[in-house]
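The values are calculated or read from the model by the stated rules, or taken from the named source; none is laboratory data. Keep in mind that what you see is a predicted model, and the values were worked out from it rather than measured. As a convention, Cβ positions derive from the backbone with ideal geometry for all residues, glycine included, and neighbour counts pool all protein chains shown. Accessible surface areas use protein heavy atoms only, side chains included; no ligands, DNA or RNA. Shrake-Rupley method; radii C 1.70, N 1.55, O 1.52, S 1.80 Å.
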Amino acid sequence: MKQKWLAVPLLAAVLLVGSHTSSNVIQYFQRQPLDLSRPPADVPFDLRVKNYWGGSCYHASTQVALRWADKGAVADNWRNTYGHGASTWDIARVLDHYKIPYKRTQHSGQGANENGDIRVLDYAHNHRLVAAITYYPEHAISFLGWVQKDGKEYACLLDNNRINDFIFVEKSTFLWNWRNKYSGGAIVPLVKAPPPKPYNPHDYLVERENEE
């Protein structure tokens, strides 16, 4: 008789545990897919540089590249020392002065024309760096990388004359304009890009019921 009474609480405990287990929720972390609509060099507003001295666009665009890579002190010194109109060769000389290596397009033909080598832009994209490029008539801006929107690929650009918003130009149109209308120049300071934006793992917490 004593053994029968002992079995009741044991059976109840098993049922309780079984009931609790069947309603368990398993939690695990899953990274959010990369947002391809944002540029690899997603330069925040406080690191963007306005044109200065009445026309220092190529200088300003290169300073964006340096600020993005946490070289604000170099960018400040550059801004206080160098400016006015410049070619890709001029920007390369200033980078040489600061002992900063770079990748650049090469002079081609006559005048200020360069070879519009897409590999320079792809390098910037793949390494999350900013390229200073010749774009628009007698102007230079920042290339922040390739992005995808609505199934199409675009160049994401930042103009130092209007720094509030990014500019998106369909890739084939951009490349044609860059090479045929705007001299095809580009230079990428070979600096260390900042780490990807930190994220809260709980933002990607996935829950599902335990099926066991």
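For the stretch 35-65 versus the stretch 151-190, the inter-centroid distance based on Cα atoms is 12 Å.
Restricting attention to the stretch 124-175, which GluC sites (Glu not before Pro) occupy a DSSP loop and are surrounded by at most 12 other Cβ atoms within 10 Å? Walk me through the numbers on the way to the answer.
Numbers: sites: GLU138, GLU153, GLU170; in loops: GLU138.
Of the GluC sites (Glu not before Pro), the ones in loops of the stretch 124-175 whose Cβ has at most 12 other Cβ atoms within 10 Å are GLU138.
When ranked by the protection proxy of mean other Cβ atoms within 10 Å per residue, highest first, what sequence do the peptides 160-169, 117-126, 141-150, 181-190 form? Before the final figure, lay out each step's value.
Working: 160-169: 14.6, 117-126: 18.3, 141-150: 20.4, 181-190: 23.6.
Result, highest mean Cβ count within 10 Å first: 181-190, 141-150, 117-126, 160-169.
With the simple spin-label model, which puts each label point 7 Å out from Cα in the Cβ direction, the ASP35 to ASN115 separation comes to 3.7 nm.
Of THR134, THR81, which has the most accessible area with a 1.4 Å probe, and how do the rest follow in descending order? If you can, show how the numbers build up before the last one.
Values: THR134 20, THR81 75 Å².
Sorted by accessible area, descending: THR81, THR134.
Sorting LYS71, LYS152, LYS171 by accessible area puts them as LYS152, LYS71, LYS171; the probe is 1.4 Å, largest comes first, and only protein heavy atoms count. Probing with 1.4 Å while keeping every protein chain in the model, the per residue accessible area of the stretch 66-134 equals 54 Å².
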